[in-house]
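Asks: The structure is given below, and queries will be raised subsequently.
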Amino acid sequence: MTITSKSLAALIFVILFGGVAFTTAMGWWATESTKEPVTFTEGEFAGLPNPADIRGSYTFGDIEKSFGIPPAVLAQAFNIQTDGPAFAIKSLEEIYATGEFEIGTASVRLFAAFYNGLPLDLSTDMYLPESAAVLLKERTLTPDQLAYLDSHTIPNPAADPSAPTPAPVQVTESAPEEESTERVIKGKTTFREILDWGVTQETIEQIMGIPMPNALTTIKDYCTEKGLDFETIKTALQAEVDKAGQ
Amino acid sequence: MKLFGKHLFRPRSIWIRKIVQWFFFLLITLISINHTLVENGGGIPFLTTASLHALCPFGGVVTIYQYATVGTFVQKIHESAFILMIIGFVLAFLFGPVFCGWVCPLGTVQEWVAKLGKKFFKRRYNHFVPARLDNVLRYARYVVLAWVVYVTATSGTLIFTEYDPYFALFNFWTSEVAVGGLIILGVTLVLSLFVERPWCKYACPYGAVLGLTNLFRVFQIKRAESTCKADGACSIMCPMNIPVDSVKTVHDHQCISCLECTSEAICPVAKTVVFTTATLKPQES
């Protein structure tokens with residue numbers, strides 16, 4: 001069989017776009033990470049989204065889709081000047097970068113959990129700004145949740161001049177997949193990266209209490225798989241990363 | 001065009017390939033611009049908002065190791081890149097590296113710069129590199145391929161983005177572009193004034209992967225010795241400097257299946273250099 005250039009051109013289009021169309025129809029084609037958290041598999045909350053799986057790459061729009069919290073409410077809660085659905089929640093860490101207590105993805109997990117009355121492991125410290133606490137207290141909270149909230153609320157930067165001063169509240173909608181050059185452990189950080197940052201395998205295994213997997217595995221995925229609390233492990237590892245960087 | 005069965009005009013180039021190349025260049029340009037617009041709250045309707053990484057089949061190649069060992073993709077790589085890699089392999093298995101010759105926008109841009117080079121240097125164009133050095137350099141892209149696969153596998157990140165001229169070409173207006181990529185893009189474009197497709201010949205890791213299919217692809221470029229006038233036109237026209245006039249079947253790992261050497265383009269004798277699965281008649285003695 002001999003084919004001409006015109007036939008070849010047609011075949012290239014058919015195979016290329018046909019392949020894309022077929023895989024799209026099969027649900028295999030994806031050009032970005034899934035922004036849907038895992039759901040609870042058992043108990044009274046089975047089938048509901050698990051706020052512990054919220055990741056830094058999620059946007060306000062993604063939170064609204066999964067947890068029904070409007071972007072305007074999130075903006076009010078975290079005292080920022082945008083209610084755009086494209087706002088990536090990892091940007092909160094930059095906005096509150098200079099504060100004494102970390103406001104970031106964990107804070108959004110806490111807010112989403114309390115806002116919807118969903119369970120969340122409260123054995124680690126997660127903080128919320130006062131504006132978020134005010135909104136949550138209008139919802140129905142258990143005594144335990146109220147107590148946690150009271151002990152983990154920090155004053156809004158603008159409301160209390162003596163409070164740790166956060167960075168100016170300017171919203172820069174960061175690129176969804178922009179890679180950070182900072183040595184900060186996030187949801188997508190792999191063991192390889194913290195090894196490269198100077199933390200030894202022995203230290204990592206000592207912190208986790210179990211052997212380290214393939215270095216390309218993300219820390220968060222491994223913690224989830226092994227039933228370890230990511231926030232606790234992350235905090236301990238981050239301290240080692242900071243120590244190694246000094 | 002034919003009149004009384006005779007050609008009045010014989011195209012010296014595969015014009016439809018130029019159209020296909022333009023199409024993919026514009027498509028990738030628009031997608032890259034759209035990705036930037038979406039990040040800034042805008043966007044072009046009905047056009048994908050995917051990043052360039054999500055649409056790069058080579059991203060699928062470099063993530064194979066991590067996918068096989070950990071079950072996840074390298075950061076910034078998604079299912080789409082893996083699917084495009086498979087489609088690229090299907091095309092290459094059938095037709096050779098048509099992705100390089102017909103689709104890749106970086107190849108297209110190099111060809112556009114080559115037009116200037118041909119005007120300046122006429123027949124000397126694409127013959128500046130001494131043959132012995134050229135023969136060795138042609139294998140450099142396999143070294144690049146091995147390095148890229150190794151560093152991606154060990155780091156779990158797309159380190160090649162820091163040096164990738166293709167990424168730089170479609171992201172030079174963003175903060176994501178790396179200086180290394182811009183420098184290599186600049187060097188590639190300058191070299192294109194002297195050598196046709198220098199990046200493809202000497203450095204492209206994806207071209208290295210696809211080039212291997214030239215050894216076993218289904219449709220092959222074949223030359224009928226029985227009708228060949230041995231004028232060397234096919235070899236002169238070949239952008240990759242393959243001596244088509246001295247082989248019966250092109251198995252060279254650098255062929256990009258552009259078909260510029262065939263009887264549809266430069267070869268003046270009908271059905272002498274063809275793209276086929278058939279066995280051509282041997283030379284009559």
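Read-outs: derived from the displayed coordinates by stated rules, not from any lab. Since the model is a prediction, treat every value here as computed from it, not as a measurement. Cβ atoms come from the backbone with ideal geometry, glycine included; neighbour counts cover every protein chain shown.
Asks: Can you tell me how chain A classifies by the Cα gyration tensor, rounded, prolate or oblate, using a/c under 1.5 as the rounded cut?
Replies: Numbers: a/c = 1.85, a/b = 1.50, b/c = 1.24.
Prolate shape, in that a/c is at least 1.5 and a/b is the bigger ratio.
Asks: Ignoring solvent entirely, what values of log10 I(q)/I(0) come out of the Debye formula for chain B at 0.08, 0.16 Å⁻¹ when each Cα is a single scatterer?
Replies: Log10 of I(q)/I(0), two decimals: -0.37, -1.34.
Asks: Specify the angular offset, from 0 to 90 degrees and rounded to the nearest 10, of the alpha carbon long axis of helix B:179-191 from the longest principal axis of the alpha carbons in chain B.
Replies: 10
Asks: In degrees from 0 to 90, rounded to the nearest 10, what is the angle of the helix B:140-155 Cα long axis to the longest principal axis of chain B?
Replies: 20
Asks: If the elastic network links every pair of Cα atoms under 10 Å, which of B:Leu133, B:Leu193, B:Leu116 fluctuates the most in the Gaussian network model of chain B?
Replies: B:Leu133
Asks: Top mean-square fluctuation among B:Pro198, B:Pro105, B:Pro45, Gaussian network model of chain B, C-alpha springs under 10 Å?
Replies: B:Pro45
Asks: How large is Rg over Rh for the protein assembly as shown, taking Rg from the Cα atoms and Rh as the Kirkwood inverse mean of 1/r across Cα pairs?
Replies: Details: Rg = 28.5 Å, Rh = 26.5 Å.
Value, to two decimals: 1.08.
Asks: Now, a different point. Partner chain Cβ atoms within 10 Å, averaged over the residues of B:151-159 - can you pull that number for me?
Replies: Working: counts 0, 1, 2, 4, 6, 12, 7, 1, 0.
Partner Cβ neighbours, averaged per residue: 4.
Asks: Note the angle between two axes, namely the Cα long axis of helix A:105-116 and the longest principal axis of the Cα atoms of chain A, as a number of degrees from 0 to 90, rounded to the nearest 10.
Replies: 80
Asks: Which shape class, rounded, prolate or oblate, goes with region B:130-235 when its Cα gyration tensor gives a ≥ b ≥ c as root eigenvalues, a/c under 1.5 marks rounded, and past that a/b bigger than b/c marks prolate? Walk me through the numbers before you get to the answer.
Replies: Details: a/c = 2.50, a/b = 1.78, b/c = 1.40.
Note, shape of region B:130-235 comes out prolate.
Asks: Along the Cα-to-Cβ line of B:Tyr67, 7 Å from the Cα, sits a label point; which residues in region A:1-31 have backbone N less than 20 Å from it?
Replies: A:15-31
Asks: Let me ask something else about it. Give me Rg over Rh for region A:1-134, both radii from the alpha carbons and Rh done the Kirkwood way, two decimal places.
Replies: On the way: Rg = 21.4 Å, Rh = 17.5 Å.
Answer for region A:1-134: 1.23.
Asks: If you don't mind, another one. Considering only Cα-Cα distances, which of the following residue pairs are longer than 18 Å: B:Lys18/B:Lys222; B:Lys18/B:Lys115; A:Lys90/A:Lys188; A:Lys65/A:Lys186; A:Lys90/A:Lys234; B:Lys18/B:Lys229?
Replies: Numbers: B:Lys18/B:Lys222 22 Å; B:Lys18/B:Lys115 13 Å; A:Lys90/A:Lys188 12 Å; A:Lys65/A:Lys186 22 Å; A:Lys90/A:Lys234 15 Å; B:Lys18/B:Lys229 27 Å.
Check vs 18 Å cut-off fails for B:Lys18/B:Lys222; A:Lys65/A:Lys186; B:Lys18/B:Lys229.
Asks: Give me the inter-chain shielding for A:24-36: mean count of other chain Cβ atoms within 10 Å, whole number please.
Replies: Other-chain Cβ atoms within 10 Å of each residue's Cβ, averaged: 4.
Asks: Here is a follow-up. Let a ≥ b ≥ c be the square roots of the eigenvalues of the Cα gyration tensor of region B:129-188; is it rounded (a/c under 1.5), or, if not, prolate (a/b larger than b/c) or oblate? Display every interim value, and only then the final one.
Replies: Values: a/c = 4.01, a/b = 1.35, b/c = 2.97.
Taking the square roots of the gyration eigenvalues as a ≥ b ≥ c, region B:129-188 is oblate.
Asks: Other chains near B:80-90: what is the mean number of their Cβ atoms within 10 Å of each residue's Cβ? It would help to have the intermediate numbers written out before the result.
Replies: Working: counts 8, 2, 4, 9, 5, 0, 2, 9, 3, 0, 3.
Across the residues of B:80-90, the mean count of other-chain Cβ atoms within 10 Å is 4.
Asks: Given B:Leu185, B:Ile159, B:His251, which one lies farthest toward the positive end of the charge dipole of region B:159-273, if we put +1 on the Cβ of every Lys and Arg and -1 on the Cβ of every Asp and Glu?
Replies: In region B:159-273, that residue is B:His251.
Asks: Gap in Å between the Cα centre of region B:176-192 and the Cα centre of region A:89-154?
Replies: After rounding, the separation between the Cα centres reads 46 Å.
Asks: Can you give the helix-only mean residue ellipticity at 222 nm for chain B, where every DSSP H stretch with n ≥ 4 adds -39500 (n - 2.57) and the sum goes over all residues, rounded to the nearest 500 deg cm²/dmol? Could the numbers behind the result be given before it?
Replies: On the way: 12 runs with 129 residues, N = 285.
It lands at -13500 deg cm²/dmol.
Asks: Order of A:38-44, A:8-14 by packing, highest average Cβ count within 10 Å first? Please list the in-between numbers first.
Replies: Values: A:38-44: 10.1, A:8-14: 17.6.
Result, highest mean Cβ count within 10 Å first: A:8-14, A:38-44.
Asks: Rounded to the nearest 500, what is chain A's calculated 222 nm mean residue ellipticity when only DSSP H runs of at least 4 contribute -39500 (n - 2.57) each, over all residues? Can you show the working numbers first?
Replies: On the way: 11 runs with 108 residues, N = 246.
After summing the helix terms and dividing by the residues of chain A, the value is -13000 deg cm²/dmol.
Asks: Any of A:Lys6/B:Lys118; A:Lys137/B:Lys76; A:Lys6/B:Lys119 with alpha carbons more than 30 Å apart? Name them for me.
Replies: Going by Cα-Cα distance, A:Lys137/B:Lys76 fall outside the 30 Å limit.
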